[in-house]
Structure formats: structure tokens, C-alpha cells
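The values are calculated or read from the model by the stated rules, or taken from the named source; none is laboratory data. What you are looking at is a predicted structure, and each value in this text was computed from that prediction instead of being measured. Note that each Cβ is placed from the backbone with ideal geometry, even for glycine, and that neighbours are counted across all protein chains shown. When the accessible area is computed, the model is the full protein with side chains, heavy atoms only, and any ligands, DNA or RNA have been set aside. Shrake-Rupley method; radii C 1.70, N 1.55, O 1.52, S 1.80 Å.
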Amino acid sequence: MDIQIKENETKGYAIAEENGKTAGKMTYSIPSSAFIIIDHTEVEPAFEGRGVGKQLLYKIVEMAREKEIKILPLCPFANAMFKKLDDIQDVLKK
């Protein structure tokens, strides 16, 4: 699975692809240089149950750590993952 992050000044997303097909996408807003807001996660039906959403989240967490920014997870999926996973709490905006 190949996951890339693309962004402009105010929006960004992580996109997962496998064999040229889009597996899923997680979008975020960039309200300031200090944090981002994950607002939507979408996984294609053919890829459900394979951890695509979690992989997308980990890619965005990795990017947040590199940029030393925090994440506000408004997306229900991302919010649930932050409540469940202890290893990503360091980037959670409190």
C-alpha cells in the first residue's frame, strides 16, 4: 500500500493506493501552522477491513510529528482511533 500526503495552504489529505487503485483518503484542514483538523475518512468498499483508515491516520501522525504540530480529530473515525491508540497521543491537540 502506497500512502502519499498532498496539501496546499488550507487543506490537505493522505491518499492510499494499491495497484493503481485508490483504497482510501483522509482529509484535513490547516487552520494554523500549529495544528490540523482531520475532518473526513473514506475507505473504498473493496478495501474495507484491511486497516486502510488506520494506515492513513498513522501517515498523518508521522507528518504531524515531523512538522511538530498537533491534530484535532473531528472525523468520527479519527477521533475513535485517538481514544483507542496510546502511541499517537503525543500529537493530540488538547
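Key figures
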{"item": "Contour minus Cα-Cα distance for Lys93 and Thr10 (0.36 nm per residue)", "result": "28.1 nm"}
{"item": "Surface per residue (accessible, 1.4 Å probe) for the chain, Å²", "result": "59"}
{"item": "Largest-first ordering by accessible area, 1.4 Å probe, given options Glu42, Glu66", "result": "Glu66, Glu42"}
{"item": "Between 0 and 90°, nearest 10: helix 52-67 axis offset from the chain longest Cα axis", "result": "30"}
{"item": "The chain, Cα convex hull volume normalised per residue, Å³", "result": "92"}
{"item": "Cβ-placed point charges (K, R +1; D, E -1), dipole of the chain about Cα centre in debye, nearest 20", "result": "260"}
{"item": "Unit charges at the beta carbon, dipole of the chain: most positive-side option, Ile15, Ile5, Ser33", "result": "Ser33"}
{"item": "Estimated [θ] at 222 nm from DSSP helical runs (n ≥ 4, -39500 (n - 2.57)) normalised by residues in the chain, nearest 500", "result": "-8500 deg cm²/dmol"}
{"item": "Share of carbon and sulfur in the accessible heavy-atom surface of the chain [1.4 Å probe, %]", "result": "50"}
{"item": "Taking the chain and dividing mean pair separation by its residue count, relative contact order in percent (alpha carbons under 8 Å, at least six apart)", "result": "23"}
